[in-house]
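Asks: Here you go, one structure.
The values are calculated or read from the model by the stated rules, or taken from the named source; none is laboratory data. Owing to the predicted nature of the structure, the values given are computational and were not obtained by experimental measurement. Heads up, the Cβs are rebuilt from the backbone with ideal geometry, glycines too, and the neighbour counts pull from every protein chain shown.
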């Protein structure tokens, strides 16, 4: 015969599953926040690059371009 689980065992199993689900959700939320922050940083750097071009500031342009490459790599990882 098949042994039925007790209410206490079912409650514990549900709690464990719920805890795992919340953990996965928190990781997913953290990833979304990090991606949003990186995208905003990328947009700001692009605006700064445009400003450096307008001001003919080669040093800033080169520095910002390198930062943009690094952020793009993080976003594509």
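Asks: Can you spot a residue in region 24-43 that is surrounded by 13 or more Cβ atoms within 10 Å (Cβ to Cβ), more than 23 Å from residue 77 (Cα to Cα) and modelled with pLDDT of 95 or more?
Replies: Residues of region 24-43 surrounded by 13 or more Cβ atoms within 10 Å (Cβ to Cβ): 38, 41-42.
Okay, now just the ones that are also more than 23 Å from residue 77 (Cα to Cα), so none.
No - not one qualifying residue is present in region 24-43.
Asks: So if I check each of 3, 63, which one is at pLDDT below 90 and either surrounded by 13 or more Cβ atoms within 10 Å (Cβ to Cβ) or not in a helix (DSSP H, G or I) (or both)? Talk me through it step by step, then tell me what you get.
Replies: Working: 63 fails: at pLDDT below 90.
Answer to the check: 3.
Asks: Sticking with this one: Does residue 75 count as surrounded by 12 or more Cβ atoms within 10 Å (Cβ to Cβ) and in a helix (DSSP H, G or I)? Lay out the reasoning, then the answer.
Replies: Working: surrounded by 12 or more Cβ atoms within 10 Å (Cβ to Cβ): yes; in a helix (DSSP H, G or I): yes.
In short, yes.
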